[in-house]
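Enquirer: To start, I am sharing the structure in question, which I have written as structure tokens.
Values quoted throughout were computed directly from the atomic coordinates according to the rules given, and no laboratory measurement underlies them. This one's a predicted model, so the numbers in the text were calculated from it and none came from an experiment. Methodologically, a virtual Cβ is constructed for each residue, glycine included, from the backbone with ideal geometry; neighbour enumeration extends over all protein chains shown.
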Amino acid sequence: MGESSVRLLSPLQGREAILFCTLDRPDAKIVPLLWAAIAAREGGASRVGLVAPYLAYMRQDAVFHSGEIVAARHFAALLSRHFDWLVTVDPHLHRIASLADIYTIPTQCVQAAPAIASWLRATVIRPFLIGPDEESRQWVDDVARRCHAPATVLHKTRQADRSVEIQAPDLNAAVERTPVLLDDIVATGSTMVAAARLLRGAGLPPPVCVAVHAVLAGCAYAELHAIAADIVTCDTVSHSSNGIALIAPLAEAVSAVAGMAAR
Ligand code: R5P
């Protein structure tokens, strides 16, 4: 039938309800999620919070072609209407500077950089951090500082969803180091694959590819796997590449924002 039906089996009267739903492939999840939030509220929950380790639609942060919408704003309005607070991990903040610019509820953003840096320090010898585009600079600089490693970002031009062109600055600093490509999201994989190919073309060894959100649509993982030394992601979207756990900082953020909403 394709219609969602939810039923809460536990009494929620006066209780804080926390829904946990990572929002990759969001369209199939959003209706049941909103039904669950409404059911919690109608069931008497004092507050209804959402933990969405991956927050969808943040990359649709501008009208790129006429007729499009800024979906990030409308998605924010939708979630703000049904939840009292939101916790997420490294949302794609680029043209929108802060979640507070589009969400009208309290939000808390967990940063993946400390966990990524600690994984790199334990696993990769003499890393050289490389961001595939300017938008990745915020993660690359933060992780590089925490690892005391050199870093650079490449220059990307996106022609279409699955077509990007990448140019490199001087990569001399990478010599005798392990190249580590770092980005917030791998979606179609076009960005990471093009960046990895460029590094290989420049004579560097296969890179270790690290991403916060393993959206990894279609053949993205297989294509990247063919050129990378390793692919490691945070566990915000369940995937076999998950190797960096964020449960502890997520739990801290939930305590902080749930307390804030309660005041
Ligand atoms: C945008 O600039 C993001 O930081 C990622 O680089 C981008 O979303 C990756 O998308 P894809 O894997 O489809 O190239």
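Enquirer: Figure the gain on full extension for ALA77 and VAL6 (residue separation times 0.36 nm, minus the Cα-Cα span) and round it to one decimal in nm.
Expert: On the way: separation 71, 0.36 × 71 = 25.56 nm, distance 2.23 nm.
Working it through step by step, the gained length comes to 23.3 nm.
Enquirer: A further question follows. What is the helix-to-structure angle for 71-82, meaning the angle in degrees between its Cα long axis and the longest Cα principal axis of the chain, kept from 0 to 90 and rounded to the nearest 10?
Expert: It works out to around 30 degrees.
Enquirer: Which three extents, in angstrom, do the Cα atoms of region 1-155 have along their principal axes, listed largest first?
Expert: Here the Cα extents, ordered largest to smallest, are 54, 43, 32 Å.
Enquirer: Further, regarding this structure: Per the Cauchy relation, a quarter of the hull surface: what is the mean projected area of the convex hull of the alpha carbons in region 1-76, in nm²?
Expert: Its average projected convex-hull area is 6.4 nm².
Enquirer: Now for a separate question. If you take the Cα Rg of region 177-263 and divide it by 2.2 N^0.38 Å, with N the number of residues, what do you get? Kindly include the intermediate steps, with their values, before the conclusion.
Expert: Values: Rg = 16.0 Å, N = 87, 2.2 N^0.38 = 12.0 Å.
Relative to the rule-of-thumb radius for its length, region 177-263 sits at 1.33.
Enquirer: Tell me, what is the percent relative contact order of the chain, built from C-alpha pairs under 8 Å that lie six or more residues apart?
Expert: Details: 505 pairs, mean separation 38.0, N = 263.
RCO, the chain: 14 percent.
Enquirer: For region 109-251, give me the percentage of DSSP beta bridges that are antiparallel, rounded to the nearest 5 percent.
Expert: Antiparallel bridges make up about 20 percent of those DSSP assigns within region 109-251.
Enquirer: On each of the three principal axes of the Cα atoms of region 90-221, give max minus min coordinate, whole Å, ordered largest first.
Expert: 48, 34, 25
Enquirer: For region 103-108, take each phi angle, set θ = phi - 60°, evaluate the Karplus expression 6.51 cos²θ - 1.76 cosθ + 1.60, and give the result in whole Hz per residue in order, putting x for glycine and proline.
Expert: Each residue of region 103-108 in turn: 9, 9, 10, x, 10, 9 Hz.
Enquirer: For the chain, take the longest principal axis of its alpha carbons; what is the angle in degrees between that and the long axis of helix 190-201, to the nearest 10 within 0 to 90?
Expert: Roughly 20 degrees, rounded to the nearest 10.
Enquirer: Sorted by mean Cβ packing within 10 Å, highest first, what order do the peptides 60-72, 19-31, 191-203 take? Could the numbers behind the result be given before it?
Expert: Working: 60-72: 12.3, 19-31: 15.4, 191-203: 19.6.
Per-residue Cβ counts within 10 Å, averaged per peptide and sorted highest first, yield 191-203, 19-31, 60-72.
Enquirer: Check which residues have an amide H placed less than 5 Å from VAL153's amide H, if you skip close sequence neighbours.
Expert: Placed amide hydrogens put GLY131 under 5 Å from VAL153.
Enquirer: D for the chain, whole µm²/s, Stokes-Einstein with Kirkwood Rh over alpha-carbon pairs at 4 °C and 1.567 mPa s: what number?
Expert: Numbers: Rh = 19.6 Å.
It diffuses with D of about 66 µm²/s by this estimate.
Enquirer: Could you please report the charge total around PRO207, scoring K, R as +1 and D, E as -1 over all other residues with beta-carbon less than 12 angstrom from its beta-carbon?
Expert: Numbers: positive: ARG177, ARG197, ARG200; negative: ASP183, ASP230.
With Lys, Arg at +1 and Asp, Glu at -1, the net is +1.
Enquirer: Can you give the % of DSSP beta bridges in the chain that are antiparallel, to the nearest 5? Mind showing how you got there, number by number?
Expert: Values: 5 of 37 bridges.
That works out to approximately 15 percent antiparallel.
Enquirer: Calculate the tail of P(r) for region 187-228: the fraction of all Cα-Cα distances greater than 13 Å, expressed in %.
Expert: Values: 405 of 861 pairs.
Beyond 13 Å sits 47 percent of the P(r) for region 187-228.
Enquirer: Working out 0.36 nm times the residue gap between ARG137 and THR123, then minus their Cα-Cα distance, what length gain in nm do you get to one decimal? Please list the in-between numbers first.
Expert: On the way: separation 14, 0.36 × 14 = 5.04 nm, distance 2.18 nm.
Gain on stretching ARG137 to THR123: 2.9 nm.
Enquirer: Tell me the label-point distance for the pair THR104, ASP27, using the 7 Å Cα-to-Cβ offset, in nm and rounded to one decimal.
Expert: With each label placed 7 Å out from Cα toward Cβ, I get 2.7 nm.
Enquirer: Evaluate E = 1/(1 + (r/R0)^6) for GLU165 and GLN13, where r is the Cβ-Cβ distance and R0 equals 41 Å; express this FRET efficiency to the nearest 0.05.
Expert: Working: r = 57 Å, r/R0 = 1.39.
Result of the calculation: an efficiency of 0.10.
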